[in-house]
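Report on one structure; see the data block that follows.
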Amino acid sequence: MIQIRKVSIRGLKPSRRRIFLYLPEDYDTSGESYPVLYMFDGENLFFDEDTTYGRSWRMAEELDRLHAPIIVCGIESSHAPGERLSELSPFPHNTEELGPVKGRADILVQWLVHQLKPSIDEDFRTLPDWEHTFIGGSSMGGLASLYMLSSFPEVFSRAVCLSPSLWVQPGLVCRMLCESDYPEGTVIYMNYGSEEVRKHADTFEVMQDAIRILLEKGVFLTFGIIPGASHCEECWGHQIPLFMQSLLNP
């Protein structure tokens, strides 16, 4: 079951966004409360007609199949040129196609923690504590999820970082990880497709540094290179059963 709402995010363009809420099949009848996974690029998660690239993760069908006891809150990203990169990036950087990109992830992070999460906890039967509050995304959303977990380690216990764009200011990414204090029991699921790693040599280097730092910090890290996978919604959707194990495993 999916609900769609509209929310306002001050400081980002456009300020009005949709959020896509997946509720478990038995939500109306179980009387139970559920953990919540907040995800970026919510328009790409559920419906092919909404997705940027024509193929969604088809997440609702997969979660129903798994009978996953979880609420997913997908936040729509900006569709304006360059704005998505800006709002999901913790750091300013340059791109070949768009030139300079501002780092505005701090605005999104503060809004999610101080406005969206309290609203979701009030309106739905959630388990609002640290142990049951998760964050996730892919590509720039994967980087934003790592930033979110590092900025609010007392709020989020687990993160799904699929194909995270660690190439954005690798030095600052590693410094962020080094300076963060992750509570005991923090879990991160992170991986890349073999095809995308081959095309981005810089990713392989910073990826190794990030893995080393996270392990030294005592994070429970699930990491892998997915054979034959590329940088696309379909490949990320195929990983839903894998990262759900990391999220829901007590």
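The values are calculated or read from the model by the stated rules, or taken from the named source; none is laboratory data. Values in this document were obtained by computation on a predicted structure and should not be read as measured data. Cβ placement follows ideal geometry from the backbone for every residue including glycine, while neighbour counts extend to all protein chains displayed.
When region 140-184 is filtered for residues that are among the small types (Gly, Ala, Ser) and either within 15 Å of Phe223 (Cβ to Cβ) or modelled with pLDDT of 95 or more (or both), the ones remaining, listed by number, are Gly141, Gly142, Ala144, Ser145, Ser150, Ser151, Ser157, Ala159, Ser163, Ser180. Against the conditions (1) within 28 Å of Tyr192 (Cβ to Cβ); (2) part of a helix (DSSP H, G or I); (3) touching a strand residue (DSSP E or B) at 6+ places or on another chain (Cβ under 7 Å), where does Ile120 fall short? Just the number, please. Unmet condition: (1).
The set of residues in region 174-202 being assigned to a loop (DSSP other than H, G, I, E, B), surrounded by fewer than 18 Cβ atoms within 10 Å (Cβ to Cβ) and small (Gly, Ala, Ser) consists of Gly185 alone.
The residue that is surrounded by the fewest Cβ atoms within 10 Å (Cβ to Cβ), among those in region 123-142 that are part of a helix (DSSP H, G or I) and under 8 Å from the mean Cα position of the chain (by Cα), is Gly142.
Among the residues of this structure, Pro241 does not count as one that is farther than 18 Å from Ser138 by Cβ and either surrounded by fewer than 16 Cβ atoms within 10 Å (Cβ to Cβ) or β-branched (Val, Ile, Thr) (or both). Scanning region 52-70 for residues that are of a type in the set (Val, Ile, Thr) and farther than 17 Å from Ser230 by Cα yields a total of 1. Looking across region 70-108, the residues that are touching a helix residue (DSSP H, G or I) at 6+ places or on another chain (Cβ under 8 Å), closer than 19 Å to Arg18 by Cβ and in a helix (DSSP H, G or I) come down to Arg84, Glu87, Leu88, Ile107, Leu108.
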